[in-house]
Amino acid sequence: MNRKLTLALTTALAMSTLLAACGNNNNSSEPSKAAESSAPPASESASPSAEPSKEAEPFTVSLRHIQIGDAQKFRKAILDDVVKKTEAEVPGLKFELDGVEDAANRFTKLPAEMAAGNQPKIFDLFGGNADALKYAKAGRLLDLTPILDELGIKDKFLNVFGQFTLDGKIYGLPIGGSVEGVFYNTELFSQNGLNPPTTWDDLIKAADALKGKGITPFAMGSQAAWVPNMLVNTIIGRYTNGFPNGIVTGEVKWNQPEVVAAYDLYSDWVGKGYFTKGELGKSYDDMLNDFAAGKAGMMFDGSWRSSAFKEGAVAASMAGKVGFVALPALPNAAGDQTSLNANYSNGYGFSSDLNDQELAAVKGFIKNLYSDEMQLRGLLEDGVLPSMKLSDESLAKVTDPVVKQVLDVMKAAGTTFVHFDAIAQKAVYSETELQLQKLIDGKASGQQVGDAIQKLQEAENAKTK
Amino acid sequence: MKSTLKNPAVYIMFVLPTLVLYGLFFLYPMFSSVYFAFTDYNGLDATEYVGLDNFKNAFSDTNFRTAIINNMYFIVFSVGIQVPVIIIFALLISNVKRLKGFYKTTVFMPSILSTSVIGILWQFIYDPDIGPITDFLGWFGIDPIYWLAESEWAMVAILITNAWQWVGFYIVLILAAILAIPKDIDEAAAIDGANARQRAWYLTVPLIKPIISVVVMLSIAGAMRVVDIVLVMTNGGPYGSTEVMASYMVNKAMKYGEYGYGTALALIIFAFALVLTFIYQRTFGRTERIEY
């Protein structure tokens, strides 16, 4: 009897230890209860400066950013200032910064966190079907519409919410914008008596002349195919009306003659040796290095690269020697030749799972980051086009020659269109990358590329219907 | 005390915690992944049962078929080329009189390095602009080869790097077996007039057959689950030409959030590895116990 009792007690003790280890900590479950009750659209409670008189209870808010490495140092400095300012304003707040490389965050870390529902409270977010809209549909993102109204900044934004809006609600705030075009080495061009590549003839003439002198016409790093896809995106836009929005509605097909012509043009340029030799083994950074070292005369890239060519930046040797133009009008092409690829696709999103304190922190963060001051700093220090309206007076402060040219290019554009990665489904976009690399390696023709992508596009379109 | 040990409840009490942990961290994840393999689970949308669709998709997907073939290359390369090289090096090192420890350490070194370090090191070696291979080929007037950028070369480049990483580890295994063979057997053969090559081939190799069999099996299993070196060096590129089953699974599950499809792929990889090692064990892998 005694032994049985001992045995029973020991078993009970072992089981209770096990169960205690498996159970939830009561203390930690309280904030999540609060979060449930304050789920969006909780706008009435807690403003950024909520009840400063009360003794502040310390709390932390996780903040995922992608401003790592030397090339991002200007943007990181802006973020640091916003963090400091917000921490000073919201009692008890401490941001926990978590810097993750751009592609690792976008394609690996954030999707996994979204699936598990444990995303950071504030995080870097891309717009479009494959990112923001997908997460918004799953209820992971905070509806920002009431916050923008409360802070009174909604009308200060340019027309930039397209890739972040679902059913009339805004789920992300683009930090800035960019256009994609041709950077060229003005020194190399003048040494060789070449005109700036503002017309198609001049562009081709320059490419041939540079090639003849043993200089690569276009620096290219196609190891990650989003890099050459930038140029392909603009060329398709020049050839085809209704691109890229038409690809999901079926109005534009990847294997229609205009799109195939764009791929054929790219293939033709590869054949003529216009791009860096062995581009499939070259990274995005290699592309900049080749251009900065004068090994290549031109480079097709986003306007965000302008910050690399200033004093103290990664390609400072090129300061004052870089020009920027839009891809010139293509002769005999059906699309709008003044159109420009412009994107307001990257910014910040916020978790829908916030308690009152965290919501106050989020509001403070938005108020401080999306301000005239920080937008102007982004433009002046980092060359990022503002996503908010800036006065002419502010814009006149721009002295960087490349940024000035970027602004001119933007002004001259007739229409703009977004990159197709914001429109196409993830699987389709990935197929475009794979097929483009095949094209570059000479393993597929423009028609084969178009057919392969269209096949997948139709399957994906059917899924969403 | 005596009667306590006769009580089955005591045994259950001791075994139970382990069983619970085993169930929690092994059985539950395994069976739940079997369940998810038949769904379109992506963590965000409502999960639906899709039957065998994931498996059908996998085998009709040309990229996955390329990945399977690449895994087969890994097996053929590691069994057909790596293992003979391992045996030859082990025999050579076992016969050196001086600096045996130095050779052992040197060949073993790569296997203690992290795969990321090895990947980056070899990316430099293969670099078409500044890599030593380019310089070497240049002496013979051969143009630079874009090892990791051309689909024809990328797989070969990875196979060589992977072999470099693991050969040393297996050499040390086989070396231990060779050194465990009693010296008098070798000496008797030498007195009978067998030369070094004959002794190696007719004596040493048959005596170390069991360990060779283990090395082959480990090579097959290793080739089936290879992924890190591919992710570091090419991430499956260019255009999926170096994709292996596991890297394809990682990309599908993690990058595209298709966790249901990903777990189906994991099951396929598991089945492949199981079948191959089973076949090997039932055929060539059967070895008799050797008594000296």
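The values are calculated or read from the model by the stated rules, or taken from the named source; none is laboratory data. On a predicted model such as this, the values are computed, not experimentally measured, just so you know. Note that each Cβ is placed from the backbone with ideal geometry, even for glycine, and that neighbours are counted across all protein chains shown.
Which condition number does A:Ala296 fail, the rest of (1) within 14 Å of chain B (Cβ to nearest Cβ); (2) out of contact with any Pro (no Cβ under 9 Å at 6 or more places or on another chain); (3) crowded, with 19+ Cβ neighbours inside 10 Å being met?
(2)
Can you confirm whether A:Leu148 is within 30 Å of A:Asp301 (Cα to Cα), more than 14 Å from every other protein chain (Cβ to nearest Cβ) and surrounded by fewer than 22 Cβ atoms within 10 Å (Cβ to Cβ)? Walk me through how you get there before you give the answer.
Values: within 30 Å of A:Asp301 (Cα to Cα): no; more than 14 Å from every other protein chain (Cβ to nearest Cβ): yes; surrounded by fewer than 22 Cβ atoms within 10 Å (Cβ to Cβ): yes.
No: the conditions fail for A:Leu148.
Being loosely packed, with under 15 Cβ neighbours inside 10 Å, within 16 Å of B:Ala266 (Cβ to Cβ) and either among the small types (Gly, Ala, Ser) or within 14 Å of chain A (Cβ to nearest Cβ) (or both) is the requirement here; does B:Ser32 meet it? Spell out the reasoning first.
Working: loosely packed, with under 15 Cβ neighbours inside 10 Å: yes; within 16 Å of B:Ala266 (Cβ to Cβ): yes; either among the small types (Gly, Ala, Ser) or within 14 Å of chain A (Cβ to nearest Cβ) (or both): yes.
It is true that B:Ser32 is loosely packed, with under 15 Cβ neighbours inside 10 Å, within 16 Å of B:Ala266 (Cβ to Cβ) and either among the small types (Gly, Ala, Ser) or within 14 Å of chain A (Cβ to nearest Cβ) (or both).
Which of the residues that make up segment A:98-132 are of a type in the set (A, V, I, L, M), within 14 Å of another protein chain (Cβ to nearest Cβ) and surrounded by 20 or more Cβ atoms within 10 Å (Cβ to Cβ)?
Result: A:Leu110, A:Met114, A:Ala115, A:Ala130, A:Ala132.
Every residue, every condition in (1) surrounded by 22 or more Cβ atoms within 10 Å (Cβ to Cβ); (2) at pLDDT 95 or above; (3) not charged (D, E, K, R), yes or no:
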site: B:Ile158; (1), (2), (3): yes, yes, yes
site: B:Val172; (1), (2), (3): no, no, yes
site: B:Ala177; (1), (2), (3): no, no, yes
site: B:Ile181; (1), (2), (3): no, no, yes
site: B:Ile185; (1), (2), (3): no, no, yes
site: B:Ala189; (1), (2), (3): no, no, yes
site: B:Asp192; (1), (2), (3): no, no, no
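Using beta carbons and a limit of 7 Å, which pairs, at least six apart or on different chains, have the first residue in segment B:223-250 and of a type in the set (D, E, K, R) and the second one surrounded by 22 or more Cβ atoms within 10 Å (Cβ to Cβ) and not in a loop (DSSP other than H, G, I, E, B)?
Going by the 7 Å Cβ cut-off, the qualifying pairs are B:Glu243/B:Ala67; B:Glu243/B:Asn70.
Quick one: in segment A:265-291, which of the residues that are part of a loop (DSSP other than H, G, I, E, B) and touching a Gly at 6+ places or on another chain (Cβ under 8 Å) is nearest to A:Leu188 (Cα to Cα)?
From segment A:265-291, those part of a loop (DSSP other than H, G, I, E, B) are A:272-274, A:276-278, A:282-283; that's our starting set.
Narrowing the set further to residues that are touching a Gly at 6+ places or on another chain (Cβ under 8 Å) leaves A:276, A:282-283.
Values: A:Thr276: 17, A:Lys282: 22, A:Ser283: 23 Å.
Here the answer is A:Thr276.
Hey, among the residues in segment B:103-134 that are assigned to a helix (DSSP H, G or I) and more than 20 Å from B:Asp228 (Cβ to Cβ), which one's nearest to the other protein chains (Cβ to nearest Cβ)? Walk me through it before giving the result.
The initial filter retains those residues of segment B:103-134 that are assigned to a helix (DSSP H, G or I), namely B:103-112, B:115-126, B:132-134.
When the remaining residues are screened for being more than 20 Å from B:Asp228 (Cβ to Cβ), the result is B:103-107, B:132-134.
On the way: B:Tyr103: 34, B:Lys104: 35, B:Thr105: 33, B:Thr106: 30, B:Val107: 29, B:Pro132: 16, B:Ile133: 13, B:Thr134: 11 Å.
Looking at the filtered set, the residue picked out is B:Thr134.
I need a count of the residues in segment A:435-465 that are of a type in the set (D, E, K, R), assigned to a helix (DSSP H, G or I) and within 9 Å of chain B (Cβ to nearest Cβ).
So the first thing to find is which residues in segment A:435-465 are of a type in the set (D, E, K, R), and the list is A:438, A:441, A:443, A:451, A:455, A:458, A:460, A:463, A:465.
Within this subset, residues satisfying the condition of being assigned to a helix (DSSP H, G or I) are A:438, A:451, A:455, A:458, A:460, A:463.
If we keep only those that are within 9 Å of chain B (Cβ to nearest Cβ) too, we end up with A:438.
Of the residues in that region, 1 qualify.
Tell me, which helices (runs of 4 or more DSSP H) lie completely within segment B:187-292 with 1 or more residues that are small (Gly, Ala, Ser)? Before the answer, list the steps.
Numbers: elements: B:196-199, B:209-224, B:228-233, B:245-250, B:259-282.
Qualifying helices (runs of 4 or more DSSP H): B:196-199, B:209-224, B:245-250, B:259-282.
Provide a single number: the residues in segment A:407-420 that are touching a Pro at 6+ places or on another chain (Cβ under 9 Å) and either within 13 Å of chain B (Cβ to nearest Cβ) or part of a helix (DSSP H, G or I) (or both). Can you show your working first?
To start, the set of residues in segment A:407-420 that are touching a Pro at 6+ places or on another chain (Cβ under 9 Å) comprises A:417-420.
The next check asks that each one be either within 13 Å of chain B (Cβ to nearest Cβ) or part of a helix (DSSP H, G or I) (or both); those that pass are A:420.
Total satisfying the criteria: 1.
For segment A:251-258, does any single residue satisfy the condition of being among the β-branched types (Val, Ile, Thr), assigned to a loop (DSSP other than H, G, I, E, B) and assigned by TED's automatic domain parsing to the domain that holds A:Ile453? Please lay out each step first, then the result.
Pass one, segment A:251-258, residues among the β-branched types (Val, Ile, Thr): A:252.
From the residues that got through so far, the ones that are assigned to a loop (DSSP other than H, G, I, E, B) too are A:252.
So of that shortlist, the ones also assigned by TED's automatic domain parsing to the domain that holds A:Ile453 come out as A:252.
Yes, segment A:251-258 contains a residue that is among the β-branched types (Val, Ile, Thr), assigned to a loop (DSSP other than H, G, I, E, B) and assigned by TED's automatic domain parsing to the domain that holds A:Ile453.
For segment A:386-406, how many residues meet the condition of being outside any strand (DSSP E or B), within 17 Å of A:Tyr344 (Cα to Cα) and at pLDDT 90 or above?
To start, the set of residues in segment A:386-406 that are outside any strand (DSSP E or B) comprises A:387, A:389-406.
Subset that is within 17 Å of A:Tyr344 (Cα to Cα): A:387, A:389-390, A:403, A:406.
Retained after the next criterion (residues that are at pLDDT 90 or above): A:387, A:389, A:403, A:406.
Looking only at that region, the number is 4.
Being out of contact with any Gly (no Cβ under 7 Å at 6 or more places or on another chain), assigned to a loop (DSSP other than H, G, I, E, B) and not aliphatic (A, V, I, L, M) is the filter; apply it to segment A:208-235 and report the residue that is surrounded by the most Cβ atoms within 10 Å (Cβ to Cβ).
A:Ser222
Determine which single condition A:Asn341 fails, assuming it passes every other condition in (1) closer than 19 Å to A:Gln67 by Cα; (2) assigned to a strand (DSSP E or B).
So the condition that A:Asn341 fails would be (1).
Report, by residue number, each residue of segment A:292-338 that is of a type outside the set (Ser, Thr, Tyr) and in a helix (DSSP H, G or I). Steps first, please.
Within segment A:292-338, the subset of a type outside the set (Ser, Thr, Tyr) is A:292-302, A:304-305, A:308-316, A:318-337.
Once the filter is applied, which keeps residues that are of a type outside the set (Ser, Thr, Tyr) and in a helix (DSSP H, G or I), segment A:292-338 yields A:Ala292, A:Trp304, A:Arg305, A:Ala308, A:Phe309, A:Ala316, A:Met318.
With respect to A:Trp269, is the statement that it is of a type in the set (Phe, Trp, Tyr) and either free of Cβ contacts under 8 Å to residues at least 40 places away in the same chain or out of contact with any strand residue (DSSP E or B) (no Cβ under 8 Å at 6 or more places or on another chain) (or both) true? Can you show your working first?
Values: of a type in the set (Phe, Trp, Tyr): yes; either free of Cβ contacts under 8 Å to residues at least 40 places away in the same chain or out of contact with any strand residue (DSSP E or B) (no Cβ under 8 Å at 6 or more places or on another chain) (or both): no.
In short, no.
Being charged (D, E, K, R), surrounded by fewer than 16 Cβ atoms within 10 Å (Cβ to Cβ) and within 13 Å of another protein chain (Cβ to nearest Cβ), is that true of even one residue in segment B:63-84? Before the answer, list the steps.
Our first condition is that a residue be charged (D, E, K, R); within segment B:63-84, this holds for B:65.
Cutting the leftovers down to surrounded by fewer than 16 Cβ atoms within 10 Å (Cβ to Cβ) gives us B:65.
Checking the rest, the ones that are also within 13 Å of another protein chain (Cβ to nearest Cβ) come to none.
Within segment B:63-84 (the criterion being charged (D, E, K, R), surrounded by fewer than 16 Cβ atoms within 10 Å (Cβ to Cβ) and within 13 Å of another protein chain (Cβ to nearest Cβ)), the answer is no, since none of the residues qualifies.
So which of B:Ala190, B:Ala154, B:Ala163 is touching a residue at least 40 places away in the same chain (Cβ under 8 Å) and more than 14 Å from chain A (Cβ to nearest Cβ)? Step through it out loud before you land on a result.
Working: B:Ala190 fails: touching a residue at least 40 places away in the same chain (Cβ under 8 Å); B:Ala154 fails: more than 14 Å from chain A (Cβ to nearest Cβ).
Result: B:Ala163 is the single residue among B:Ala190, B:Ala154, B:Ala163 that is touching a residue at least 40 places away in the same chain (Cβ under 8 Å) and more than 14 Å from chain A (Cβ to nearest Cβ).
Step by step: first the residues of segment A:184-234, then only those that are free of Cβ contacts under 8 Å to residues at least 60 places away in the same chain and basic (Lys, Arg), then the one that is nearest to A:Gln405 (Cα to Cα). Which residue is that?
Among those residues, the one meeting the criterion is A:Lys205.
Among the residues of segment B:135-175, count how many are in a helix (DSSP H, G or I) and either under 22 Å from A:Gln437 (Cβ atoms) or acidic (Asp, Glu) (or both).
Going residue by residue through segment B:135-175, those that are in a helix (DSSP H, G or I) are B:135-139, B:151-175.
Add one more test, that the residue is either under 22 Å from A:Gln437 (Cβ atoms) or acidic (Asp, Glu) (or both), and what stays is B:135, B:151-159, B:161.
Adding up the residues that qualify gives 11.
Do you know which residues across segment A:304-320 are surrounded by fewer than 19 Cβ atoms within 10 Å (Cβ to Cβ) and either among the polar types (S, T, N, Q) or at pLDDT 85 or above (or both)?
Selection gives A:Ala316, A:Ser317, A:Ala319, A:Gly320.
So for segment B:40-49 (the condition being closer than 30 Å to A:Arg140 by Cα, within 14 Å of another protein chain (Cβ to nearest Cβ), acidic (Asp, Glu) and in contact with a Gly (Cβ under 6 Å, 6 or more places away or on another chain)), does at least one residue qualify? Before you say what the answer is, go through the steps one by one.
Pass one, segment B:40-49, residues closer than 30 Å to A:Arg140 by Cα: B:40-49.
Still in the list and also within 14 Å of another protein chain (Cβ to nearest Cβ): B:40-48.
Now narrow it down to the ones that are acidic (Asp, Glu): B:40, B:45, B:48.
So of that shortlist, the ones also in contact with a Gly (Cβ under 6 Å, 6 or more places away or on another chain) come out as B:40.
Checked segment B:40-49: at least one residue is closer than 30 Å to A:Arg140 by Cα, within 14 Å of another protein chain (Cβ to nearest Cβ), acidic (Asp, Glu) and in contact with a Gly (Cβ under 6 Å, 6 or more places away or on another chain).
Based on what the data block shows, is A:Val362 crowded, with 20+ Cβ neighbours inside 10 Å, closer than 26 Å to A:Gly181 by Cα and of a type in the set (Val, Ile, Thr)?
On the way: crowded, with 20+ Cβ neighbours inside 10 Å: yes; closer than 26 Å to A:Gly181 by Cα: no; of a type in the set (Val, Ile, Thr): yes.
Criteria not met by A:Val362.
Is it the case, given these coordinates, that A:Leu376 is at pLDDT 90 or above, in a helix (DSSP H, G or I) and within 14 Å of chain B (Cβ to nearest Cβ)? Outline the logic, then answer.
On the way: at pLDDT 90 or above: yes; in a helix (DSSP H, G or I): yes; within 14 Å of chain B (Cβ to nearest Cβ): no.
In short, no.
Are there helices (runs of 4 or more DSSP H) fully within segment B:1-101 with at least 2 residues that are touching a helix residue (DSSP H, G or I) at 6+ places or on another chain (Cβ under 6 Å)? List them.
On the way: elements: B:2-6, B:8-22, B:28-36, B:53-60, B:62-76, B:83-95.
Ranges flagged: B:8-22, B:28-36, B:53-60, B:62-76, B:83-95.
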